[in-house]
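Trainee: I have a structure here, written as structure tokens, and I will follow up with some questions on it.
The values are calculated or read from the model by the stated rules, or taken from the named source; none is laboratory data. Note that the structure is predicted; figures quoted are calculated from it, not measured. Note that we place each Cβ from the backbone using ideal geometry, even for glycine, and neighbour counts take in every protein chain shown.
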Amino acid sequence: MLDPEFSIRNDFPPVDYDQWRELAEAALKGVQFEKKLVTHTYEGLDQQPVYTRKDQIGEGAGSGLPGWPPFVRGASKLGSVRTGWDLRQEHSAPKPSAANEAILADLEGGVSSLLLVLDRATRAGFDADDDRATDLAGYGGLMAYHVDDLDRALADVQLSLIGMSFEAGAAFLPAAALLVSLWQRRQLSPTDVRGAMNADPLAVLAREGHLPVSLETALAQMSSLAKWISENYPRVTAVGVDTSPYHHAGATAAQDLAFAMATAVQYLRSMTGNGMSIDTAARQILFRISIGTHHFLSIAKLRAGRRLWARVVDACGGSADSGAMHVHARTSERVLTRHSPYMNLLRNTVGVFAAGIGGAEAITSLPFDYATGQTDNFSRRVARNTGLILQEESHLHRVIDPAGGSWFLENLTDQIANKAWGIFQEIERQGGMIPALESGWAAEQIDSAFALRAKDIATRKEGITGVSEFPNLDEERIEHPPLDMQDLRDSAAKRIESQRDEMLSISQLSTDVQSVAGAIELAAEGATLGQLADALGFHREATNITPLEIHRFAEPFEELRDAGDAWQAEHGQRPRVFLANMGPVAHFTARATYAKGFFEAGGFGVITNEGFQDADAAEKAFADCDAAIAVICSSDKLYPEFVPAVAPKLKAAGARTVVLAGKPGQNEEAWRAAGVDRFIFVSCNVLATLREMLEEEGVLTS
């Protein structure tokens, strides 16, 4: 007769951690537990394989409740349950009409807000017909130099229904004047519009190494804009704190958050120095955080960021409510690849998942072909649908802070917060974020952290699927028709010539633009962005530092692949590698597979086979294959028999380089004497080896 009350305990009695640990260590057969089962992050944190109640942070709900300080569990009590995520699509098409077409398609497809990225000329404060903008106009964003350009790009867009954000670089005040003048032209109520001006001069300085004004002027303009926006547009923020310059330079999650807090504190000081209360100033800041593919770390990063910001605002004397951090999360550029770009679909999905679970209010998923330099309708559609599917079909937004209560994630959140707080305190001891950037200290800290990751990428300990791991040399490359930059510049110059009001003299502009309201009025009267920037003192007293160096993870391997592709285009075939697979299939398959992936990651064409039973057969096959590199692949058991016989034969057949797949151990000297030139194995420097061998082939120059 069955027990009327089923309990799993009847068949599976509870096992405590110590019992599990004892069994795990026995299964490891002498290998250290910490080495095999504990994950060590680039932040210097240890992630355990198992977490139990003893790892709980604090008593009860250690992270508080959603919508309550310290806001670890979210800035609002209901999270995104009622409204869903704000899916914020990024647009950077140079031509206003093309941007408009893409924007309308995105809005029809379910996007709820827009981020307009302005071109490099605009971000520097130049009009397209300025001689100084020749190499900037049309590159990297929308060519919007006049309110009419913005009006064209946003034609038929109901601006009262969707949020509007800018990426305007140093020209955040002139760009904000254009947008507000457009809102006024369309007679929109200040209470109806939503937006983010994202004024972030320190991010511009870190990323580009240059501001066209002094830092004092840039901070004053930012503070003036924030004060005016807070008084006139209650649903708009003026200030952004963007972690992407640090993230894309290789910063860890803890460094990202520390730099964000230090930047935000600098902005709070500037805004309160301009007469704003700490509460009003804090609410003017939108944090823009890049999200990578380590999803648990990314979830904890967002939760830790909210804890840190609540602590900062509290320490500055702000009210509890003003310490609620609002986050726009964007999938990371540094993890995207040009080769095998469809793998980016998975990377972006992981990023959007982490952003949603971590509590970001606005989420941007980059198109999978973003790293190629251009996007198209298909890739933008997939980008927006990534978030829509996770939301509408997986219902991830229906649970408030699903990470809450997880012993692992709560513990990881606490560790990242503590680590970031320590770095933030060090920045403050140095005088704040400005000295940290100007002295190069921030760059040194990031470079030091990235060096460990770069080593792991080079050895493939941190693999990049489709590039350093499992490359597909026969993939069809995504190619977009090149833009006619000269035509874009000429068209923009003609527009500006007809739009610019020459009656607005620089002296008048300089007088009237000193207030934000004056700048908006002049934009409405026809002043171009370049005219407004000139009046604001752009390019008279610049600020310069050494910019942070960007590191896209796949780039070193993609440079090798590009060299192999170019060689094939010129010579009709790739640089070639012959696999000398020796013995039965079971003995050579593993290492032949490893060697094939190893060399294809460098753009080599690999000639494989079903194996050879003796050295003579391998010699003959190699002599007929038109390759200069041969790789001996077999098992450790058979190598003592085959290597001394096969290596000399391959050399005699014309092999310039003979490689052995596997560690030689005590046989290295003897096998080198037999003719082996190199050894490849797990944990060797794959990147350096491939680069050296491409140089030997003449594909690369040293």
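Trainee: Listed residues S683, S635; which is surrounded by 16 or more Cβ atoms within 10 Å (Cβ to Cβ), in contact (Cβ under 8 Å) with a residue 40 or more places away in the chain and among the polar types (S, T, N, Q)?
Mentor: Matching residue, one of S683, S635: S635.
Trainee: I need a count of the residues in the range 234-251 that are hydrophobic (A, V, I, L, M, F, W, C) and either within 20 Å of F172 (Cα to Cα) or not assigned by TED's automatic domain parsing to the domain that holds A436 (or both).
Mentor: Selection size over the range 234-251: 4.
Trainee: Would you check if T134 is at negative phi and modelled with pLDDT under 95?
Mentor: It is true that T134 is at negative phi and modelled with pLDDT under 95.
Per-residue answers, yes or no, for (1) in contact (Cβ under 8 Å) with a residue 24 or more places away in the chain; (2) in the same structural domain as R283 (by TED's automatic domain parsing); (3) out of contact with any strand residue (DSSP E or B) (no Cβ under 8 Å at 6 or more places or on another chain); (4) not in a loop (DSSP other than H, G, I, E, B):
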position: S298; (1), (2), (3), (4): yes, yes, no, yes
position: R303; (1), (2), (3), (4): yes, yes, yes, yes
position: R311; (1), (2), (3), (4): yes, yes, yes, yes
position: G318; (1), (2), (3), (4): yes, yes, yes, no
position: Y342; (1), (2), (3), (4): yes, yes, yes, yes
position: V352; (1), (2), (3), (4): yes, yes, no, yes
position: I357; (1), (2), (3), (4): yes, yes, yes, yes
position: L366; (1), (2), (3), (4): yes, yes, no, no
position: R381; (1), (2), (3), (4): yes, yes, yes, yes
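Trainee: Against the condition of a type outside the set (S, T, N, Q), more than 34 Å from the chain's Cα centre (by Cα) and not assigned by TED's automatic domain parsing to the domain that holds F450, how does G64 come out, does it pass?
Mentor: For G64, the condition - of a type outside the set (S, T, N, Q), more than 34 Å from the chain's Cα centre (by Cα) and not assigned by TED's automatic domain parsing to the domain that holds F450 - is not met.
Trainee: Further question: Being free of Cβ contacts under 8 Å to residues at least 60 places away in the same chain and acidic (D, E) is the filter here, so list the residues in the range 442-461 that pass it.
Mentor: If the condition is that a residue be free of Cβ contacts under 8 Å to residues at least 60 places away in the same chain and acidic (D, E), then E444, D456 are the ones that fit.
Trainee: I've got another one for you. Could you tell me whether any residue of the range 555-573 is part of a loop (DSSP other than H, G, I, E, B) and buried (at least 16 other Cβ atoms within 10 Å of the Cβ)?
Mentor: no
Trainee: On to the next question. Please go through the range 649-673 and pick out each residue that is closer than 17 Å to L638 by Cα and assigned to a loop (DSSP other than H, G, I, E, B).
Mentor: Passing the criteria: G662, K663, P664.
Trainee: Find the helices (runs of 4 or more DSSP H) located wholly in the range 190-263 whose residues include 2 or more that are small (G, A, S) and surrounded by fewer than 22 Cβ atoms within 10 Å (Cβ to Cβ), and list them.
Mentor: The qualifying helices (runs of 4 or more DSSP H) are 215-232.
Trainee: Looking at the range 283-305, which of its residues are closer than 29 Å to L345 by Cβ, out of contact with any Leu (no Cβ under 7 Å at 6 or more places or on another chain) and of a type in the set (D, E, K, R)?
Mentor: Hits for the range 283-305 are R288, R303.
Trainee: Can we say L488 is in a helix (DSSP H, G or I), among the aliphatic types (A, V, I, L, M) and within 21 Å of Y370 (Cβ to Cβ)?
Mentor: yes
Trainee: Pull out all pairs, ordered by first then second residue, where Cβ-Cβ is under 8 Å, the residues are six or more apart or on different chains, the first lies in the range 542-561 and is over 27 Å from A171 (Cβ atoms), and the second is in a loop (DSSP other than H, G, I, E, B) and among the polar types (S, T, N, Q).
Mentor: As it stands, the answer is A554/T337; A554/S468; F557/S468; E558/T337, since those pairs meet every condition given.
Trainee: Give me the pairs, please: first residue somewhere in the range 526-537 and in the same structural domain as V147 (by TED's automatic domain parsing), second residue anywhere and among the acidic types (D, E) and buried (at least 24 other Cβ atoms within 10 Å of the Cβ), beta-carbon distance under 9 Å, and either six or more positions apart or on two chains.
Mentor: Qualifying pairs under 9 Å: none.
Trainee: To continue, here is another question. For the structure I just gave you, tell me whether A251 is over 22 Å from L45 (Cα atoms) and at pLDDT 95 or above.
Mentor: No, not satisfied.
Trainee: Tell me, please, whether a residue that is closer than 18 Å to L178 by Cβ, at pLDDT 95 or above, in a loop (DSSP other than H, G, I, E, B) and in contact with a helix residue (DSSP H, G or I) (Cβ under 7 Å, 6 or more places away or on another chain) can be found in the range 104-120.
Mentor: no
Trainee: Continuing with this model, one more query. Select from the range 90-112 the residues that are touching a strand residue (DSSP E or B) at 6+ places or on another chain (Cβ under 6 Å), over 23 Å from H146 (Cβ atoms) and not hydroxyl-bearing (S, T, Y) and list them in ascending order.
Mentor: Matches in the range 90-112: D106, V111.
Trainee: I'd like the residue in the range 86-130 that is among the polar types (S, T, N, Q) and farther than 21 Å from G387 by Cβ and, out of all such residues, is surrounded by the fewest Cβ atoms within 10 Å (Cβ to Cβ).
Mentor: S97
Trainee: Looking at the range 393-404, which of its residues are touching a residue at least 24 places away in the same chain (Cβ under 8 Å) and either of a type in the set (S, T, N, Q) or farther than 16 Å from E361 by Cα (or both)?
Mentor: Across the range 393-404, the qualifying residue is only G404.
Trainee: What number of residues in the range 655-675 are loosely packed, with under 13 Cβ neighbours inside 10 Å and not charged (D, E, K, R)?
Mentor: So the answer is 3.
Trainee: Now a separate question. Where the second residue is modelled with pLDDT of 95 or more and of a type in the set (S, T, Y) and the first is under 16 Å from T689 (Cα atoms) and lies in the range 591-609, which pairs have Cβ atoms under 6 Å and are six or more apart or on separate chains?
Mentor: A601/S468
Trainee: Are any of the residues in the range 356-367 of a type in the set (S, T, N, Q), within 19 Å of L116 (Cα to Cα) and modelled with pLDDT of 95 or more?
Mentor: Scanning the range 356-367 turns up at least one residue that is of a type in the set (S, T, N, Q), within 19 Å of L116 (Cα to Cα) and modelled with pLDDT of 95 or more.
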